[in-house]
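Notes follow once the structure below has been shown.
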Amino acid sequence: MKPSQFQHHAPERVDEVVALLAEYGDDAKVLAGGQSLIPIMALRMATYPHLVDIARVPDLSKISATPNAVRVGAMVRQSHAERDAAVATVPLLAKALPHIGHFQIRNRGTVGGSIAHADPASELPAVALALDARIEATGPGGVRFIDASEFFLSTWQTALDDGEILSAVEFPVWGAGSGFGVEEIARRKGDFALVGALAGVTLDGDRVTRACITMIGVGSTPVRCHEAEAALIAGGANADLDEIGRIAAAPLTPTHDVHASAAYRKHVSPAIVRRALTAALKEARS
Amino acid sequence: MNDRTRVRLTVNGHAEQVEVEPRAILADVLRDNLGLTGTHLACEHGVCGACTVLIDGEAARSCLVFAVQAEGASITTVEGIAPDGGLSPVQEAMRDCHGLQCGFCTPGIVVSMTAYLNTHPNPSDADLKEAMSGNLCRCTGYQGILAAARQAADRMNASS
Ligand SMILES: Cc1cc2nc3c(=O)[nH]c(=O)nc-3n(C[C@H](O)[C@H](O)[C@H](O)COP(=O)(O)OP(=O)(O)OC[C@H]3O[C@@H](n4cnc5c(N)ncnc54)[C@H](O)[C@@H]3O)c2cc1C
Ligand code: FES
Ligand code: FES
């Protein structure tokens, strides 16, 4: 249960991080909060000769607000984001954060680390996907932006190129009349969700002018439920949410693992979607 | 590759310096290099909470931190929670409410509870359950631990 040997690099600037990744190539791995990487290394699921620790790069730990989005630096700790006033203007993010593990984990784990790690049961990748966030990647060629819809390729696989880091995430701010809900089933509080749904709506009276529904734990990436969103927009605020839940669950092909069967995951999905939407609609009306 | 690195830490108020491999886990450094065996290790991958310490005042799993990451940080272990020779309000409450049996999980429980109550002066019972959910105990069934958390919260509140 001890990680194998590695060399530790602690640069203080983003360009130094990128240069180290270029120098060591496949032998190097980014270390952020370590709350996923260290267990993986301790269990010897992976070994890396070089770890590039990004915790001492001040530029990666900033949060800034623009009128339409909040930019969260990769190295912002999850617990700090939970308490941040700008993050509070992105309620889906603020509501999802406390679902990650326990407070001791969130004191170390980072927003960027969770999204770059791309676990299909994780909350923050789903927030990014639900809100159409933009992922800022920095590499040898400079900065580029990747839409969240193109970012998550498979379990632990993202569209980041070798040698690129996730430097920040821009989460869009939704306007007045919006509400959000996060619902999960897990065996114990703090466990990764067996199935979860993250939903957002914007209401104009009884009209739903905007909707997002994203599910976790039901595939190799977070899954955006476009048909269910369209059905909700068509049906309005008084739509039959059980039916919306069924539409969301119909195309899902969850996998079986030691935690839950595929059939169980599929079976509970409509109810989880209904609960997330119920919470979102309630908040939007208030 | 197995070159040792110098790491400076402040542990329970004392300046310390250790020479360790980069792969050395903070929990092992506290126990093996500094002799602070109050910090317990069980799962060594973040699940049980036995190894919880404060890093710059915030509770963290010391099995999920390399000592080199803590360079310059201030660490508080269970040995540093109480005033010299005495018991902290949390420790007193754990004793009063039978919050422990074998005691293996107890250092992590005490550190987590202390960190939580320091930043949450007025917790509900539900808040306390949530706060303690990251620490596993194989003996007590948790009721004594939650009673201790309640007592400690109330006493800390009354005296502040
Ligand atoms: C007991 C326990 C329970 C947990 N429960 C949950 C949960 O319920 N939900 C959940 O979502 N997560 C959970 N986690 C995981 C936690 O959220 C991690 O913090 C997160 O997945 C990874 O963030 P990190 O900063 O710790 O990254 P690290 O562990 O440092 O890195 C993870 C991976 O991402 C890469 N990486 C990190 N940052 C970057 C970057 N900026 N650019 C490029 N690559 C990068 C690393 O190279 C590594 O491959 C849990 C962890 C534990 C130990
Ligand atoms: S030993 Fe660190 S969490 Fe179990
Ligand atoms: S008292 Fe024995 S594990 Fe908690």
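Peptide B:17-23 has a mean shielding of 4, counted as Cβ atoms of other protein chains within 10 Å of each residue's Cβ.
Look at where the Cα atoms of the stretch A:256-271 and of the stretch A:20-49 average out, and the two centres are 31 Å apart.
Net length available on complete extension from residue A:176 to residue A:147 is 8.0 nm, with 0.36 nm assigned per residue and the Cα-Cα distance removed. The order of A:83, A:187, B:8, B:23 by accessible area, most exposed first and with a 1.4 Å probe, is A:187, A:83, B:8, B:23. For residue A:56, the solvent-accessible surface with a 1.4 Å probe is about 90 Å², rounded to the nearest 10.
In order along the stretch A:157-163, the phi-based Karplus estimate (6.51 cos²θ - 1.76 cosθ + 1.60, θ = phi - 60°) of 3J(HN,Hα) comes to 10, 10, 7, 5, 7, 4, x Hz; Gly and Pro are listed as x. What whole number of Å gives the distance from the Cα centroid of the stretch A:91-132 to the Cα centroid of the stretch B:126-141? So the two Cα centres are separated by 22 Å.
When +1 charges are put on Lys and Arg Cβ atoms and -1 charges on Asp and Glu Cβ atoms, the dipole computed for the stretch B:5-80 relative to its Cα centre reaches about 40 debye. For the stretch A:58-172, the alpha-carbon coordinates run over 34, 31, 26 Å along the three principal axes, in decreasing order.
Can you compute the helix-only [θ] at 222 nm over chain B? Use -39500 (n - 2.57) per DSSP H run of at least 4 residues, normalise by all residues, nearest 500 deg cm²/dmol. Rounded to the nearest 500, the figure is -8500 deg cm²/dmol.
What does the average come to when, for each residue of peptide B:57-63, you count the partner chain Cβ atoms lying within 10 Å of its Cβ?
That works out to 6 on average.
What shape does the stretch A:135-228 have by the C-alpha gyration tensor, where a ≥ b ≥ c are the square roots of the eigenvalues, rounded means a/c under 1.5, and otherwise prolate means a/b greater than b/c and oblate the rest? Because a/c hits 1.5 or more and a/b fails to exceed b/c, the stretch A:135-228 counts as oblate. Computed over protein heavy atoms with a 1.4 Å probe, the carbon and sulfur contribution to the accessible area of the stretch A:7-53 reaches 46%. The count of lysine pairs in chain A with alpha-carbon distances below 26 Å, taking only pairs 8 or more places apart or on different chains, stands at 9. With R₀ fixed at 22 Å, the C-beta to C-beta distance from residue B:129 to residue A:286 puts the FRET efficiency at about 0.25.
Need one value for A:104-112: mean number of C-beta atoms belonging to other chains within 10 Å of its residues' C-beta atoms. Intermediate values should be presented prior to the final figure.
Values: counts 21, 8, 3, 9, 9, 3, 0, 0, 0.
Average per residue, whole number: 6.
Estimated at the nearest 10 Å², the accessible area of residue A:48 is 40 Å² with a 1.4 Å probe. Hey, rough spin-label estimate for residue A:191 and residue A:259, points 7 angstrom out along Cα→Cβ, what's it come to in nanometres? Those two pseudo-labels are separated by 0.8 nm. Accessible surface ranking for A:257, A:147, 1.4 angstrom probe, highest first: A:147, A:257. A straight chain from residue A:44 to residue A:206 at 0.36 nm per residue would run longer than the Cα-Cα distance by 52.9 nm.
Given the rule -39500 (n - 2.57) for each run of at least 4 DSSP H residues, summed and divided by the residues of chain A, what is its mean residue ellipticity at 222 nm, to the nearest 500 deg cm²/dmol? Provide the component values of the computation, followed by the final result.
Working: 11 runs with 94 residues, N = 286.
One gets -9000 deg cm²/dmol as the mean residue ellipticity at 222 nm.
Modelled spin labels at residue B:160 and residue A:64, positioned 7 Å past Cα toward Cβ, are 3.5 nm from each other. Classification of the stretch A:1-128 by its C-alpha gyration tensor yields an oblate form. The axis ratio a/c (a ≥ b ≥ c) is 1.5 or more, and b/c is at least a/b. The label-point distance for residue B:143 and residue A:266, in a model that sets each label 7 Å from Cα toward Cβ, rounds to 4.2 nm. For the stretch B:1-37 versus the stretch B:60-114, the spacing of their alpha-carbon centroids is 18 Å. Heavy-atom accessible surface, probe 1.4 Å, ligands and DNA/RNA ignored: which residues of the stretch A:1-24 lose at least 50 Å² versus the isolated chain? Hits at the 50 Å² cut-off: A:1, A:2, A:3, A:5, A:6, A:8. Each distinct pair of alpha carbons in the protein assembly as shown adds a 1/r term; the inverse of their mean, the Kirkwood radius, is 22.9 Å. When the surface is traced with a 1.4 Å probe over the full set of protein chains, residue A:162 keeps roughly 140 Å² accessible. Backbone amide hydrogens, once placed in the peptide plane, bring residue A:209 within less than 5 Å of A:202, A:203, A:204, excluding anything fewer than 5 places away on its chain.
The values are calculated or read from the model by the stated rules, or taken from the named source; none is laboratory data. Please read these numbers as outputs of a predicted model, since none were measured by experiment. Ideal geometry is used to build each Cβ from the backbone, glycine not excepted, and the neighbour counts take in all protein chains shown. Protein only, heavy atoms only, side chains kept; ligands, DNA and RNA dropped before computing areas. Shrake-Rupley method; radii C 1.70, N 1.55, O 1.52, S 1.80 Å.
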